[in-house]
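The values are calculated or read from the model by the stated rules, or taken from the named source; none is laboratory data. Remember, predicted model here, so these are calculated numbers, not experimental data. Positions of Cβ are generated from backbone atoms using ideal geometry, with glycine treated the same way; all protein chains shown enter the neighbour counts.
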Amino acid sequence: MPNWSNVCADFPALHQNVGSKPLVYLDNAATTQRPQAVIDALDHFYRHDNANVHRGLHALSMRATDAYEGARARVARFLNAAAPEEIIFTRGTTESINLVAASWTTVNLRPGDVILLTEMEHHSNLVPWQLAAKRTGATLRFVPITGDEGRLDLSQLDRLLTPEVKLFAFTHVSNTLGTINPAAELCAKARTLGIVTVVDGAQSIGHLPVDVRAIGCDFFAFSGHKMGGPTGIGGLYGRRELLDIMPPWQGGGGMISHVDFLESRWKPSPERFEAGTPNIADAIALGAACDYLDGLGRDRIAAHDRELAELAHQRLSVLPGIRLLGPAHGRSSVVSFAFTDIHAHDIVTFADEDGVALRGGHHCNQPLMRKLGLTGTTRASFYVYNNAGEVETLVATLQKILKFFR
Ligand code: 7TS
């Protein structure tokens, strides 16, 4: 059992003041802080093993290649993928979804086909599908949400899952509402109808135990920086049978088996989808982030984050005039709220004076905001190093802000 009060010591950036106040970092849905183990992995690679991968026969290049491919195997284990070849390293969730939207759709979508999404998608799981739909002649359709409680209205699913639907892409956890969607149930339903599933795991990867085979998805997209890993690295899990028949989406070195002046042939996955020199150091440090989170225990992380978010939801609910979004129970680590008389940006700016880092705005969920009749929310999001005392600091800060504005 981790001693949660010691976890904070592993994260150097948390030990600082903002002005005269100790930092209370509650913007983890945007990006988490990095533990020393991840910083050390980056430092070690650049000091000792730095070389390009997959091409050199010298000692450093072989060490770098082993570490890079070792990280792929580590990430595959973290997700319980069947094989390392099912993990493609990308810049993160956004790039992973763009990869599927650019590649899978070219050989699988025709005019009249439908891509099913939900009303709670981040722009990263919406705009790539808009582009793919324009290119292929497919159309988009959306699973509605239930209102401020922010759950998917699953009673609509049978009506929406018509034979034209070829792909269903949805977020595992909403970055604004904190809703945890029933990913396994949704994928099982899609699978019986022959519909390919894409799960946006940006907000679940660092917080919930993720087992892609138990979820039963075809693709799972995630970012390293939302799980204590570096920025600029993430991945796409894809089922082998699907990856094998997908065309490359970027051309260049490393992804070919044979090149002629007019034509080329491709390597299998994952190389086929990793053109050019990859982000070697960050991939290796992502492996260190997997070790770190498994060391804490991912079931325990999920319980810790849920407890803090539910505590925050409950404590904030007493503030006069607050509109809380998302489910009261069974939520992830995100709590969003709005006041009709105070702009989210004002709250975030004033909270910063107390050292409390929040996020305010539309959180890349503009259509969702419009549906809820909001221009934005204030969001607190928790991680392994946060504690109940920081929830109290948040409440006290908000009480002060309300007093100032009213
Ligand atoms: N999907 C979801 C559900 C997200 O929350 C985010 C980032 C992304 C995709 C994109 O991830 P990226 O790593 O490729 O940028 N969400 C947020 C957020 O809520 N605040 O800042 C970034």
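Within the stretch 184-212, the set of residues being among the β-branched types (Val, Ile, Thr) and either away from the ligand (no atom under 15 Å from the Cβ) or not in a strand (DSSP E or B) (or both) comprises Thr192, Ile195, Val196, Thr197, Ile205, Val210, Val212. Scoring Cys8 on the criteria (1) in a helix (DSSP H, G or I); (2) more than 20 Å from Ala388 (Cα to Cα) leaves a single failure, condition (2).
Restricting the stretch 215-248 to residues that are assigned to a loop (DSSP other than H, G, I, E, B) and more than 16 Å from the ligand (Cβ to nearest atom), the residue that is surrounded by the fewest Cβ atoms within 10 Å (Cβ to Cβ) is Ile245. For the stretch 100-115, indicate whether the set of residues that are closer than 20 Å to Thr231 by Cβ and either at pLDDT below 95 or not hydrophobic (A, V, I, L, M, F, W, C) (or both) is non-empty. Within the stretch 100-115, not a single residue is closer than 20 Å to Thr231 by Cβ and either at pLDDT below 95 or not hydrophobic (A, V, I, L, M, F, W, C) (or both).
Just the residues that are modelled with pLDDT under 95 and surrounded by 11 or more Cβ atoms within 10 Å (Cβ to Cβ), please, taken from the stretch 1-47. Selection gives Pro2, Trp4. Determine, yes or no, whether Gly253 is under 22 Å from Gly70 (Cα atoms) and either buried (at least 16 other Cβ atoms within 10 Å of the Cβ) or modelled with pLDDT under 95 (or both). Yes.
Applying a threshold of 8 Å to beta carbon distances and a minimum spacing of six or more residues, or different chains, the list of pairs starting in the stretch 381-402 at a residue that is under 18 Å from Ala302 (Cα atoms) and more than 16 Å from the ligand (Cβ to nearest atom) and ending at one that is part of a loop (DSSP other than H, G, I, E, B) and among the polar types (S, T, N, Q) reads Tyr385/Gln33; Asn386/Asn28.
If the requirement is being away from the ligand (no atom under 13 Å from the Cβ) and loosely packed, with under 14 Cβ neighbours inside 10 Å, which of these qualifies: Arg159, Arg141?
Numbers: Arg141 fails: loosely packed, with under 14 Cβ neighbours inside 10 Å.
Only one candidate qualifies: Arg159.
In the condition set (1) in a loop (DSSP other than H, G, I, E, B); (2) within 16 Å of the ligand (Cβ to nearest atom); (3) among the small types (Gly, Ala, Ser), Ala51 is compliant with all but (2).
State whether the residues of the stretch 345-358 include one that is part of a loop (DSSP other than H, G, I, E, B) and aromatic (Phe, Trp, Tyr).
Looking for residues that are part of a loop (DSSP other than H, G, I, E, B) and aromatic (Phe, Trp, Tyr), one finds none in the stretch 345-358, hence no.
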